[in-house]
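Notes for the one structure printed next.
The values are calculated or read from the model by the stated rules, or taken from the named source; none is laboratory data. Model, not experiment: these values are computed from the prediction. All Cβ positions, glycine included, derive from the backbone under ideal geometry; neighbour counts span all protein chains shown. Just so you know, the surface numbers come from the protein's heavy atoms only, side chains and all, with ligands and any DNA or RNA stripped out. Shrake-Rupley method; radii C 1.70, N 1.55, O 1.52, S 1.80 Å.
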Amino acid sequence: MSKLHLVFGGRVTDPMTLNFQDPSKLDVVGIFPDYASAEKAWRGAAQRTVDDAEMKYVVVHLHRLMEPDQQ
């Protein structure tokens, strides 16, 4: 199985959390076939919003959600 990764972000209520203010307005950057390409996309998205402390982007390991027993 591919180790798929999702990169998305949005405005959070508190920069120390992942509590997104409005999930309907999340910016979905994309789904990537490996961590390296997901990290590159995450860095690009995060860099574009570096001056906005309430914007946060994350990498989600989709393969861990689809098959939690496989790491």
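Quick notes on this one:
- Those lysines that a straight Cα-Cα span of less than 20 Å connects to Lys56, excepting residues fewer than 8 apart in one chain: Lys25, Lys40
- The listed residues Ser24, Ser37, once ranked by accessible area (1.4 Å probe) with the largest placed first, stand as Ser24, Ser37.
- Positive-end extreme of charge dipole, the chain - chosen from Ala53, Ala36, His63 (charges on Cβ): Ala36
- The tail of the calculated P(r) for the stretch 18-68 beyond 16 Å holds 47 percent of all Cα-Cα pairs.
- The chain - mean residue ellipticity at 222 nm from DSSP helices (-39,500 (n - 2.57) per run, n ≥ 4, rounded to 500): -7500 deg cm²/dmol
- Heavy-atom surface of the chain, accessible at 1.4 Å and reported per residue (Å²): 69
- Ranking Val28, Val7, Val60 from most to least accessible surface, computed with a 1.4 Å probe over the protein chains only, gives Val28, Val60, Val7.
- Carbon plus sulfur fraction of accessible area for the chain, probe 1.4 Å, in percent: 55
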